[in-house]
Amino acid sequence: DVSGMTTLAVLRETGDLLEAQAEVRRRDLFDHGVLPAASRQSEELRIEADGIWVALQRAKGRGVEVKALCAYEDKRAGRRAGVVHHALVGGPKRFWEEGVAHLAGHYSLPSLKRCYTGSDGAKWCGALADHLHGPKIVHKLDPWHVNRAIKTAFPEPGDAAPLFELLSAGMLDELLEVL
């Protein structure tokens, strides 16, 4: 039988080891300028970033924010190709530096020409350009937040229905004219 305490200890130890590896990758790339050998090349990446607040027992305030990214080449039949994940509890600078260093082990950074990023618009989510130099960074608000912004433009949310039809049809000029 494995006790709950043993299970938690193994998870903590694993987390500590992963955190140490992430710090070495970050230091190698950002402090020493050493690019790791990448296993893939792509001219474009899509990077989604978001955070979730987790309440902690006996914690003061809101708890902690787990920041996460998902990077991939493209979607084929609704599935992401070449997926790379990174997450941490920490500040935006450390998050992006560790995230970019992690990406650099999977994708050749010199090969990148464009990165399309999507997020909820939080300031830290849009900071990739501060840490990934070279490729053009194009940031877009995620669809859920775009839809929410459209709904809030009307006193009655049901009045936004024609705008969603324009949006789904790709008629952006018409949509902006109505707004």
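Among the residues making up the stretch 79-94, those that are touching a His at 6+ places or on another chain (Cβ under 8 Å) and closer than 21 Å to Thr14 by Cα are Val84, His86. Exactly one residue out of Leu141, Leu103 is open to solvent by 70 Å² or more (accessible area, probe 1.4 Å), under 17 Å from Ala68 (Cα atoms), without any contact (Cβ under 8 Å) to a residue 60 or more places away in the chain and of a type in the set (A, V, I, L, M): that is Leu141.
The condition of being of a type in the set (A, V, I, L, M, F, W, C) and surrounded by fewer than 16 Cβ atoms within 10 Å (Cβ to Cβ) holds for Val146.
Checked against (1) open to solvent by 90 Å² or more (accessible area, probe 1.4 Å); (2) under 22 Å from Tyr116 (Cα atoms); (3) not polar (S, T, N, Q), Trp53 passes all but a single condition, namely (2).
Within the stretch 66-86, the set of residues being over 23 Å from His133 (Cβ atoms) and either loosely packed, with under 11 Cβ neighbours inside 10 Å or touching a helix residue (DSSP H, G or I) at 6+ places or on another chain (Cβ under 9 Å) (or both) comprises Lys75, Arg76, Ala77, Gly78, Arg79. Beta carbons closer than 6 Å, at least 6 apart along the sequence or on distinct chains, pair a first residue in the stretch 17-29 that is among the hydrophobic types (A, V, I, L, M, F, W, C) with a second that is part of a helix (DSSP H, G or I) and surrounded by 14 or more Cβ atoms within 10 Å (Cβ to Cβ) for Ala22/Glu98; Leu29/Ala101; Leu29/Ala104.
Name every residue in the stretch 163-175 that is in a helix (DSSP H, G or I) and modelled with pLDDT of 85 or more, in order of residue number. Residues satisfying the conditions are Glu165, Leu166, Leu172, Asp173, Glu174. All of (1) touching an Asp or Glu at 6+ places or on another chain (Cβ under 9 Å); (2) charged (D, E, K, R); (3) open to solvent by less than 80 Å² (accessible area, probe 1.4 Å) hold for Arg40 with one exception: (3).
Please specify each residue of the stretch 40-94 satisfying the condition of being aromatic (Phe, Trp, Tyr) and in contact (Cβ under 8 Å) with a residue 24 or more places away in the chain. Scanning the stretch 40-94 gives a single hit, Tyr72.
The values are calculated or read from the model by the stated rules, or taken from the named source; none is laboratory data. What you see is a predicted model, and the numbers here were worked out from it, not measured in a lab. As a convention, Cβ positions derive from the backbone with ideal geometry for all residues, glycine included, and neighbour counts pool all protein chains shown. Note: areas computed on protein heavy atoms with side chains; ligands, DNA, RNA excluded. Shrake-Rupley method; radii C 1.70, N 1.55, O 1.52, S 1.80 Å.
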